1. Roughly how many percent of the accessible protein surface of the range 136-211 is carbon and sulfur, given a 1.4 Å probe and a whole-percent answer?
2. Can you show me the helix-derived [θ] at 222 nm for the chain, built from DSSP H runs with n ≥ 4 at -39,500 (n - 2.57) apiece and divided by the number of residues, rounded to the nearest 500.
3. Can you give the accessible area per residue of the range 131-211, in Å², using a 1.4 Å probe?
4. Taking only the alpha carbons of the range 56-211, what extent do you get along each of the three principal axes, in Å, biggest first?
5. Any aspartates and glutamates with Cα under 17 Å of the K12 Cα? List them, leaving off those in the same chain fewer than 8 positions away.
6. Could you tell me which of rounded, prolate or oblate describes the range 87-179, using a ≥ b ≥ c as the square roots of the eigenvalues of the alpha-carbon gyration tensor, with rounded for a/c under 1.5 and, failing that, prolate when a/b is larger than b/c and oblate otherwise?
7. How many percent of the accessible area of the range 1-101 is carbon or sulfur, using a 1.4 Å probe?
8. Say each of N198 and L63 gets a label point 7 Å from the Cα, pointing the same way as Cα to Cβ; how far apart are those two points in nm?
Amino acid sequence: TEPMKTEFYGWKLLLAMWSILFINLAFPFYGASVINTYMALDFNLDRRVLGLIFTVFTLTSGLNSPVAAFVINKIGVRYTMLIGCVLILLSALAMATFVNSGLQAVVMFGIVAGIGVVSGGALSAQAIVANWFVRRRALALSLVLSAPGIGGFIAAPLLNHVISSADGNWRVGWWLIAGLCCFSISVTALFIKDKPANIGQFPDGIAPGAL
């Protein structure tokens, strides 16, 4: 009898990674712009402070890319992504509870979430796609990196609706993001596998010399 063939896990992995990026990138990048606008009105922040919050977030997520790459090489994609997810969760919880000034928002959103996004975002996705796909790498990468763009169309209007329904209470938006981060942490812990060899498979599901 023919040996049972194991279904290639890479495509399921892509779905898991897609859902993680949908949360980790779309909501902090696009959704936070909606939430922080409500926050600025609540705290009477001027445009310079609001701009500073997003500038620090953008710079932190960009400048920490080499650090994230180093961490990925040292401890692997799965654990790096878990760190990123937890940092975004901590940022969301802080914003939902005790942040009461522009300076606190710069630290908890600009810095903490910025580090979380680069750790649990595109760099990790690119690394894991490179590990799992060779022949279909371009297709796999384009599919997984569509998550932030698609998420952007959903995150901003969803959060605006949630906050409007709560009479402008912007903190409920961060509670929603915190809940979504719990989901992304679970998906990362349960479904992300760094390399095909970890579960006895090969890139693209094709053993060397099989073709």
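The values are calculated or read from the model by the stated rules, or taken from the named source; none is laboratory data. These numbers were taken from a predicted model, which means no experiment stands behind them. For neighbour counting, all protein chains shown are included, and Cβ atoms are generated from backbone atoms with ideal geometry for every residue, glycine included. To get the accessible areas, we keep the full protein, side chains included, count just its heavy atoms, and leave off ligands, DNA and RNA. Shrake-Rupley method; radii C 1.70, N 1.55, O 1.52, S 1.80 Å.
1. Values: 2770 of 4090 Å².
Roughly 68 percent, rounded to a whole number.
2. Numbers: 11 runs with 146 residues, N = 211.
Mean residue ellipticity at 222 nm (helix-derived): -22000 deg cm²/dmol.
3. On the way: 4400 Å² over 81 residues.
On a per-residue basis, the range 131-211 sits at 54 Å².
4. Ordered largest first, the range 56-211 gives principal extents of 62, 30, 24 Å.
5. D194, D204
6. Values: a/c = 3.70, a/b = 1.82, b/c = 2.03.
Note, shape of the range 87-179 comes out oblate.
7. Reported share for carbon and sulfur atoms: 66 percent.
8. Spacing of the two 7 Å Cα→Cβ label points: 3.1 nm.
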